[in-house]
1. Out of the residues in the range 192-207 meeting the condition of being buried (at least 16 other Cβ atoms within 10 Å of the Cβ) and not β-branched (Val, Ile, Thr), tell me which one is nearest to residue 357 (Cα to Cα).
2. What do you reckon, is residue 298 open to solvent by 10 Å² or more (accessible area, probe 1.4 Å) and either over 20 Å from residue 48 (Cα atoms) or touching a strand residue (DSSP E or B) at 6+ places or on another chain (Cβ under 7 Å) (or both)?
3. Tally up the residues in the range 172-197 that are under 20 Å from the mean Cα position of the chain (by Cα) and either assigned to a loop (DSSP other than H, G, I, E, B) or closer than 20 Å to residue 270 by Cβ (or both), please.
4. Among all residue pairs at least 6 apart or on different chains, which show Cβ distances below 6 Å where the first residue, located in the range 43-68, is in a loop (DSSP other than H, G, I, E, B) and the second is surrounded by fewer than 16 Cβ atoms within 10 Å (Cβ to Cβ)?
5. Tell me whether the range 272-292 contains one or more residues that are within 19 Å of residue 91 (Cα to Cα), open to solvent by less than 50 Å² (accessible area, probe 1.4 Å) and part of a loop (DSSP other than H, G, I, E, B).
6. Kindly evaluate residue 175 against the criterion of being surrounded by 22 or more Cβ atoms within 10 Å (Cβ to Cβ) and in contact with a helix residue (DSSP H, G or I) (Cβ under 9 Å, 6 or more places away or on another chain).
7. Restricting attention to the range 24-36, does a residue exist that is over 21 Å from residue 204 (Cβ atoms), in the same structural domain as residue 152 (by the TED database) and of a type outside the set (D, E, K, R)?
8. Within the range 69-90, how many residues are in a loop (DSSP other than H, G, I, E, B) and closer than 22 Å to residue 273 by Cα?
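The values are calculated or read from the model by the stated rules, or taken from the named source; none is laboratory data. From a predicted model like this one, the values you see are computed outputs, not experimental measurements. Cβ atoms come from the backbone with ideal geometry, glycine included; neighbour counts cover every protein chain shown. Note: areas computed on protein heavy atoms with side chains; ligands, DNA, RNA excluded. Shrake-Rupley method; radii C 1.70, N 1.55, O 1.52, S 1.80 Å.
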Amino acid sequence: MSLPLRTLAVQDLYLRDSWLYRILPSVRHKPFTPMSCGDLTESWNEVEPDPNQLRWKPFNIPKSSEKKVDFISGLHTVCGAGDSKSRNGIAIHMYTCNTSMIDKCFQNADGDFLIVPQQGETLITTEFGKMMVEPNEICVIQQGMRFSVDVFRETRGYILEVFGAHFELPDLGPIGANGLANPRDFQTPVAWYEDRTVATGYTIVNKYQGKLFSCQQDFSPFNVVAWHGNYTPYKYNLENFMVINCVAFDHPDPSIFTVLTAKSTRPGVAIADFVIFPPRWGVANHTFRPPYYHRNCMSEFMGLIKGHYEAKEEGFQPGGASLHSIMTPHGPDVDCFEKNSTAVLKPERVAEGTMAFMFESSFSMAVTKWGLDTCHRLDKSYYKCWEALKSHFNPNWKPSSK
């Protein structure tokens with residue numbers, strides 16, 4: 001389905017607002033009442049902290065023949081930190097659904113959603129218009145925007161939610177004016193409206209202070225005839241990312257693959273970065289080309305949209321995930337280490353047909369009970385992928401003379 005879109009400049013948006021011209025104002029609704037939150041939570045103390053390397057097998061998608069699950073009821077919180085009340089924090093969710101939202105929309109009063117579809121196209125109707133978002137694309141629904149999700153088959157994806165900040169392009173510094181995600185490639189919907197009365201009631205679901213509430217009204221909220229401004233939903237195709245990589249030696253920091261960032265109040269420190277590992281050339285000499293073994297001051301949640309991640313070609317699967325918490329050691333598995341320690345270093349394509357990504361955060365994230373237990377997808381043998389690593393140290397080794 002082809003939908004009209006227009007270019008959105010997402011950089012330098014210090015003042016963000018939009019004017020919406022509605023047939024009826026959104027204030028005309030019945031009172032909000034609490035509703036079940038399911039596996040959506042902001043309670044980070046459900047279980048004891050776990051500093052281990054964590055990996056999840058692909059998260060299950062409910063079969064449409066067994067149970068109808070829409071986008072809202074299919075939201076599951078995996079991990080997070082901070083607090084929506086104090087407007088400082090992060091949450092990572094999975095969505096797994098098999099049916100469209102009928103006469104129902106969702107509004108997140110707590111923060112922004114960065115949505116990463118992994119399986120199945122999603123038609124997202126917003127107050128600003130419609131966006132078709134496919135795997136290998138992302139979209140951002142900013143705080144307070146109402147939207148409804150239509151799906152066409154069993155569907156799965158990842159969500160990065162940030163409280164108290166909005167996503168923006170990273171500072172390019174010495175890179176200059178062009179590179180990474182270029183502003184011209186972000187698209188926002190063209191106005192679309194329906195003047196529709198819903199006699200049986202239209203449901204507005206509101207995420208507020210980490211809880212869900214619902215209310216009823218008798219008309220569609222997608223009644224915006226026209227709008228103008230720069231506070232909008234938007235989408236981006238990851239194939240448009242202009243990759244920058246090492247052309248001499250050493251493995252650069254993955255920050256060079258940052259698509260969007262949500263900055264904290266501390267200079268140089270992000271609440272969260274959205275980073276991708278796209279197809280690219282590897283040409284570094286005298287270098288172990290995969291990611292090196294490391295510990296660092298950030299939490300790294302990784303997902304896989306398609307293909308095989310080069311550092312762990314087995315075990316890390318599309319629709320699954322991993323979490324390496326602050327100061328928890330991690331790196332390539334044994335097979336990747338052995339292969340790349342002896343490989344002939346010639347120019348080669350890396351990650352062809354693959355798209356892995358990372359939600360990286362300065363917060364020390366807690367995993368929910370659903371993530372550690374209820375989902376039944378935690379790979380408890382993950383640590384074994386490093387068990388066969390052995391020492392290659394030779395105290396008598398000397399570099400060969402030229």
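1. The selected residue is 207.
2. yes
3. 5
4. 46/369; 47/369
5. no
6. Numbers: surrounded by 22 or more Cβ atoms within 10 Å (Cβ to Cβ): no; in contact with a helix residue (DSSP H, G or I) (Cβ under 9 Å, 6 or more places away or on another chain): yes.
No; evaluated as a whole, the condition is false for this residue.
7. Checked against the condition, which is being over 21 Å from residue 204 (Cβ atoms), in the same structural domain as residue 152 (by the TED database) and of a type outside the set (D, E, K, R), the range 24-36 yields no hits at all.
8. Counting residues in the range 69-90 that are in a loop (DSSP other than H, G, I, E, B) and closer than 22 Å to residue 273 by Cα gives 4.
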